[in-house]
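Engineer: This is the structure I want to talk about, given as structure tokens.
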Amino acid sequence: MALRHGLPAVMLAICLGAGFSLAADAPPVKLVVGVDEAVSRALAQAPELGESQADIALAQSKLTEAGAYRFPRIEFLSLMGPAPQAHKQDFGTADTGYGVSHLTWFASGDLLLTQPLYTFGKISENMKAAGFGIEVDRAKKEQRRNEIAQKVREYYYGLLLAREMKGLIEEVQGHLESARSSAKRLLAQESPNVDEMDLYKLDAFSGEATKFLNQADGGEQLALAALRVRLGLSPDADLDVSDEHLTLDETGVRELSLYLADAELRRPEYRQIREGLKARASLVEAAQASFYPDIFLGAFYSAAYSPGRDKINNPYVTDTMFRHNWGGVALGVKWHLDFGITEAKVAAEQAQYERLLKTREYAAVNIPLQVKKYQLELMEAKQSAESMKTAWTNARKWTVAAVANFDFGLGPAREIFDGLQNYARMKGEYFQTLYNYRLAQANLMLATGQAPGDK
């Protein structure tokens with residue numbers, strides 16, 4: 001009976017154990033990503049963006065610090081130590097001295113509270129500068145984000161280019177192997193269209209193709225490794241891309257004026273300069289405010305006690321050190337005057353402002369030039385891809401016809417070499433133009449400030 005009731009439990013344990021064993025031995029899941037998903041994954045774990053976020057947090061702390069100067073400040077000083085004894089009946093007599101027998105102790109505390117009322121812009125301008133600084137760092141983060149997206153796209157399409165090249169070389173190797181078999185057969189038949197030298201040429205051409213195949217394979221592995229790093233994966237992670245071929249998309253090339261308008265509206269560098277100029281202008285104003293005083297409301301309280309000294313209740317005679325109790329409120333002015341130091345600080349801030357103005361002039365000229373460069377590259381790559389597609393298609397027909405003629409003993413081997421060389425070159429250039437097209441797209445997205453995921 002015990003065995004009958006215990007058997008299901010034993011079987012369940014065995015099944016669960018087997019399940020855990022199978023789960024432990026299961027191969028890792030293969031990750032397949034498209035270009036947009038690759039960009040999203042890279043941005044989700046990019047350490048550069050973490051650094052940028054830390055810079056934003058630092059800028060926010062500067063704003064908090066600048067704003068804190070609006071609130072009261074409290075200073076407190078406390079002292080404790082020996083003091084000579086003093087009694088009322090001794091008033092007017094000679095000093096009794098500072099012998100040990102005449103000493104007692106005292107304790108004192110002084111508290112000063114100051115509330116700024118008007119600082120001629122020292123506080124408000126520094127707060128403005130800190131606020132604009134936060135926007136500068138946010139724009140820098142966007143710039144880094146766009147740069148990461150561009151790099152991921154470059155690796156992604158570089159991987160596809162390497163695979164396209166591998167496929168092309170393997171296709172050429174297939175034609176070479178077919179031609180070599182035909183050459184051997186024709187040699188055995190003593191055909192006049194082939195000789196031993198043709199075999200040597202085919203073998204040499206095949207060896208060169210193998211070299212290019214190895215290079216393409218190395219390019220594929222390098223692009224995969226770069227993608228793994230950018231996506232935060234381990235070096236041995238099973239990663240692949242969802243696209244199988246490089247293609248032209250349906251989107252056309254827009255007018256240059258539209259790209260320039262996008263760049264002016266969305267490019268993070270423009271926002272960095274705009275907000276940076278505002279911040280620098282506020283820092284100049286804050287430095288100039290140092291020429292003027294600070295007006296504040298002050299409250300103070302001071303107390304001291306000593307058991308060996310009598311308290312003197314006389315408005316003209318006070319024990320300022322060892323025994324007293326007073327306080328009050330007053331309007332105060334604090335004015336720091338120096339000989340050239342403040343003026344030099346103002347000049348330094350003004351120089352930083354002027355420097356940023358020159359940066360704006362540089363950006364106003366070079367960013368449109370960069371946008372135009374990538375737009376032209378996109379147009380050229382699109383047109384070249386369309387023309388090269390026709391070229392390699394005809395070269396393929398040439399190659400197929402040359403191989404067929406050679407196989408039937410109707411054509412020379414030279415036609416195969418010429419056809420394959422031109423076919424490989426033209427189709428290779430076609431793939432390169434497709435890659436250039438995709439890369440120009442990625443560069444144009446970066447140049448116009450297009451955020452990852454925007455269409």
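Engineer: Starting from the Cα-Cα distance between residue 238 and residue 80, subtract it from 0.36 nm times their residue separation and give me the gain in nm to one decimal.
Structural biologist: Once the chain is fully extended between residue 238 and residue 80, it gains 49.6 nm.
Engineer: How about residue 397: which aspartates and glutamates have a C-alpha closer than 20 Å to its C-alpha, ignoring those fewer than 8 places off in the same chain?
Structural biologist: 164, 170, 171, 177, 386, 407, 415, 418, 429
Engineer: On full extension of the chain, what length is gained from residue 362 through residue 258, given 0.36 nm per residue of separation minus the C-alpha to C-alpha distance?
Structural biologist: Full extension from residue 362 to residue 258 adds 35.4 nm.
Engineer: Which is farthest toward the positive dipole end of the chain among 276, 256, 212, measuring Cα position about the Cα centre, with Cβ charges +1 (Lys, Arg) and -1 (Asp, Glu)?
Structural biologist: 276
Engineer: Enumerate by residue number the GluC sites (Glu not before Pro) in the stretch 364-394 meeting two conditions: DSSP loop (anything except H, G, I, E, B), and at most 11 other Cβ atoms within 10 Å of the site's Cβ.
Structural biologist: none
Engineer: Moving on. Relative to the first principal axis of the alpha-carbon coordinates of the chain, what is the inclination of helix 341-407, with its axis defined by its Cα atoms, in degrees from 0 to 90 and to the nearest 10?
Structural biologist: 10 degrees
Engineer: Something else now. Label residue 187 and residue 354 with points 7 Å out from Cα along Cα→Cβ: what is the distance between them in nm?
Structural biologist: It is 8.1 nm.
Engineer: Follow-up question, since we're still on this one. Show the residues, 5+ positions off or on another chain, whose built amide H is closer than 5 Å to the amide H of residue 83.
Structural biologist: Those qualifying (amide H under 5 Å, at least 5 residues apart or on another chain) are 104, 105, 106.
Engineer: In addition: Considering the options 330, 197, 344, tell which one lies farthest towards the positive end of the dipole of the chain, charges being +1 on Lys and Arg and -1 on Asp and Glu at the Cβ, about the Cα centre.
Structural biologist: It is 330, whose Cα lies furthest towards the positive end.
Engineer: Here's something else I'd like to know. In the structure shown, do any of 128/334; 151/382; 211/372; 128/372 have a Cα-Cα gap over 26 Å, and if so which?
Structural biologist: Violating the 26 Å Cα-Cα cut-off are 211/372; 128/372.
Engineer: Take 248, 446 and order them by how many other Cβ atoms sit within 10 Å, fewest up front.
Structural biologist: Ordered by Cβ neighbours within 10 Å, fewest first: 248, 446.
Engineer: Give the long-range amide H neighbours of residue 241: residues separated by 5 or more places, or on another chain, with amide H under 5 Å away, using H modelled in the peptide plane at 1.01 Å from N.
Structural biologist: Under 5 Å from the amide H of residue 241: 33.
Engineer: Treating the beta-carbon of each Lys and Arg as +1 and of each Asp and Glu as -1, no other charges, what is the dipole magnitude of the chain about its Cα centre, to the nearest 20 debye?
Structural biologist: 1160 debye
Engineer: Sticking with this one: Just to be sure I understand the model, the point goes 7 Å from the Cα along the line to the Cβ. What's the resulting residue 325 to residue 104 distance in nm?
Structural biologist: 1.5 nm
Engineer: Rounding to the nearest 20 debye, state how big the charge dipole of the stretch 167-321 is about its Cα centre with +1 on each Lys and Arg Cβ and -1 on each Asp and Glu Cβ.
Structural biologist: The dipole magnitude comes to about 1360 debye.
Engineer: Sorting 284, 253 on the 10 Å Cβ count, fewest up front, what's the list?
Structural biologist: By the 10 Å Cβ count, ascending, the order reads 253, 284.
Engineer: While we're on this one: From the backbone phi of the stretch 178-187, what are the Karplus-calculated ³J(HN,Hα) couplings (6.51 cos²θ - 1.76 cosθ + 1.60, θ = phi - 60°) in whole Hz, Gly and Pro given as x?
Structural biologist: So the J values, rounded to whole Hz, are 5, 5, 5, 4, 5, 5, 4, 5, 5, 5.
Engineer: Roughly how many nanometres apart are two label points built 7 Å out from the Cα toward the Cβ at residue 373 and residue 210?
Structural biologist: 4.2 nm
Just so you know, all these numbers are worked out from the coordinates, no wet-lab data involved. Just so you know, these numbers come straight off a predicted model, no measurement behind them. Because the Cβ atoms are built from the backbone with ideal geometry, glycine has one as well, and the counts that use them run over all protein chains shown.
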